[in-house]
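All remarks here apply to the structure that follows.
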Amino acid sequence: MYWAVWCRDSGVSPEVRKTHGRSHSAYLDKPPLPLVMAGPLLADEVDGTGGSFMIYRAETRAEVEAAVANDPFAQHGIWASTEIRPFKMARSTLSLLTSP
């Protein structure tokens with residue numbers, strides 16, 4: 001099953017987010033669950049970030065909850081809240097993202 005994860009930033013300074021950005025990226029480079037996609041949610045302002053979005057593949061919500069809880073951004077208070085929802089992949093055009 002696929003799971004969509006929406007993480008809203010807590011409003012910490014961009015410097016705090018940047019400080020933990022490398023460890024967050026390293027965590028997502030070797031995720032504890034299959035990671036379909038991930039990326040920042042942009043804020044309305046040009047340079048701001050409003051959170052993170054990920055799609056994991058896992059059998060249970062508990063597995064996803066654990067993966068999110070162990071993410072450095074969660075552990076360092078970057079995210080104020082997370083929402084985890086089952087996601088039905090009805091169409092996949094992800095291959096378009098890697099095409100030349």
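The values are calculated or read from the model by the stated rules, or taken from the named source; none is laboratory data. Predicted, not measured: the structure shown is a model, and the values here were computed from it. Neighbour counts are summed over all protein chains in view; Cβ atoms, including those assigned to glycine, are modelled from backbone coordinates with ideal geometry. Ligands, DNA and RNA are excluded from the accessible area calculation, which covers all protein heavy atoms including side chains. Shrake-Rupley method; radii C 1.70, N 1.55, O 1.52, S 1.80 Å.
Quick notes
- Considering Glu65, Glu45, Glu59, the condition of being surrounded by 13 or more Cβ atoms within 10 Å (Cβ to Cβ) and either part of a loop (DSSP other than H, G, I, E, B) or modelled with pLDDT of 95 or more (or both) is satisfied by Glu65 alone.
- In this structure, Pro14 does satisfy being open to solvent by 40 Å² or more (accessible area, probe 1.4 Å), more than 26 Å from Arg91 (Cα to Cα) and over 12 Å from the mean Cα position of the chain (by Cα).
- The numbered conditions (1) open to solvent by 60 Å² or more (accessible area, probe 1.4 Å); (2) assigned to a strand (DSSP E or B); (3) hydroxyl-bearing (Ser, Thr, Tyr) are all true for Ser52 except (1).
One line per residue, one yes/no per condition, for (1) in a loop (DSSP other than H, G, I, E, B); (2) at pLDDT below 95; (3) of a type in the set (Gly, Ala, Ser):
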| position | (1), (2), (3) |
| --- | --- |
| Gly11 | yes, yes, yes |
| Pro31 | yes, yes, no |
| Leu41 | no, yes, no |
| Ala90 | yes, yes, yes |
